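Bear in mind these aren't lab numbers, they're just calculated from the coordinates by the rules spelled out. Since the structure is predicted, the reported quantities are computational estimates derived from the model, not experimental observations. Methodologically, a virtual Cβ is constructed for each residue, glycine included, from the backbone with ideal geometry; neighbour enumeration extends over all protein chains shown.
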Amino acid sequence: MKLIIGGAYSGKEIYAKEHLSVFPADCTPEEALKAPAILNLQEILRTLLERNENTDSFIEQLIKQNPNAVVICDEIGMGVVPLDPLERQWREATGRACFALAKSAEKVIRVICGIPVVLKG
């Protein structure tokens, strides 16, 4: 698995296309389990939370069922902590997901202003 993280619109998708030859797409949680390149993991996690489904279990399943995927996720945990409980839960779930994915990924890249920084691999 390859994990690409960074701020919104920081060049993550362009990096994946140019350097990994994949075309990331937005997916449903079910589609993500088979997709070669997943765009906006944070939105998949939001969907799961809105359905009252376990995000940690989903990430474990993703790692097992789709070990060769390229996963792109926005960093959403910086800045002011939201007042809304669901928003806080979403930030926490996204952070835990990135932690688990980074731990099992062969490569982790952070893209800042279009510049890739290899964190792992």
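Just checking, which of ILE72, ILE38, ILE63 is assigned to a helix (DSSP H, G or I) and closer than 12 Å to MET1 by Cβ?
Among ILE72, ILE38, ILE63, only ILE63 is assigned to a helix (DSSP H, G or I) and closer than 12 Å to MET1 by Cβ.
Filter segment 6-28 down to residues that are small (Gly, Ala, Ser) and either more than 17 Å from THR94 (Cβ to Cβ) or free of Cβ contacts under 8 Å to residues at least 24 places away in the same chain (or both) and give me whichever is surrounded by the most Cβ atoms within 10 Å (Cβ to Cβ).
ALA16
Spot the failing condition for GLY79; the list is (1) surrounded by fewer than 20 Cβ atoms within 10 Å (Cβ to Cβ); (2) closer than 19 Å to TYR9 by Cα; (3) touching a strand residue (DSSP E or B) at 6+ places or on another chain (Cβ under 9 Å), and only one is missed.
Condition (3) is where GLY79 drops out.
Go through (1) within 23 Å of LYS120 (Cα to Cα); (2) aliphatic (A, V, I, L, M); (3) free of Cβ contacts under 8 Å to residues at least 40 places away in the same chain; (4) out of contact with any Asp or Glu (no Cβ under 7 Å at 6 or more places or on another chain) and name the single condition LEU39 misses.
In the conditions (1) within 23 Å of LYS120 (Cα to Cα); (2) aliphatic (A, V, I, L, M); (3) free of Cβ contacts under 8 Å to residues at least 40 places away in the same chain; (4) out of contact with any Asp or Glu (no Cβ under 7 Å at 6 or more places or on another chain), LEU39 misses (4) alone.
Restricting attention to segment 59-74, and to residues there that are charged (D, E, K, R) and surrounded by fewer than 18 Cβ atoms within 10 Å (Cβ to Cβ), which single residue is farthest from SER21 (Cα to Cα)?
If we take residues in segment 59-74 being charged (D, E, K, R) and surrounded by fewer than 18 Cβ atoms within 10 Å (Cβ to Cβ), then GLU60 is farthest from SER21 (Cα to Cα).
In segment 1-35, what count of residues is obtained for those that are within 14 Å of ILE109 (Cα to Cα) and assigned to a helix (DSSP H, G or I)?
Residues in segment 1-35 being within 14 Å of ILE109 (Cα to Cα) and assigned to a helix (DSSP H, G or I): 9 in total.
In segment 44-95, what residues are farther than 21 Å from THR28 by Cβ and either touching a helix residue (DSSP H, G or I) at 6+ places or on another chain (Cβ under 7 Å) or hydroxyl-bearing (Ser, Thr, Tyr) (or both)?
GLY77, VAL81, PRO82
So which residues in segment 41-76 are among the acidic types (Asp, Glu) and more than 25 Å from GLU13 (Cβ to Cβ)?
Within segment 41-76, GLU53, ASP56, GLU60 meet the criteria.
Out of all the residues in segment 31-69, which are of a type in the set (D, E, K, R) and either under 23 Å from GLU92 (Cβ atoms) or touching a Phe, Trp or Tyr at 6+ places or on another chain (Cβ under 8 Å) (or both)?
Matches in segment 31-69: GLU43, ARG46, GLU50, ARG51, GLU53, ASP56, GLU60, LYS64.
Which residue pairs have Cβ atoms under 7 Å apart, sit 6 or more places apart or on different chains, and have a first residue in segment 60-83 that is touching a residue at least 60 places away in the same chain (Cβ under 8 Å) and charged (D, E, K, R) and a second that is exposed (fewer than 13 other Cβ atoms within 10 Å of the Cβ) and not in a helix (DSSP H, G or I)?
ASP74/ALA8
Please state which one of ARG91, ARG51 is surrounded by 14 or more Cβ atoms within 10 Å (Cβ to Cβ), without any contact (Cβ under 8 Å) to a residue 40 or more places away in the chain and among the basic types (Lys, Arg).
Testing whether each residue is surrounded by 14 or more Cβ atoms within 10 Å (Cβ to Cβ), without any contact (Cβ under 8 Å) to a residue 40 or more places away in the chain and among the basic types (Lys, Arg) leaves just ARG91.
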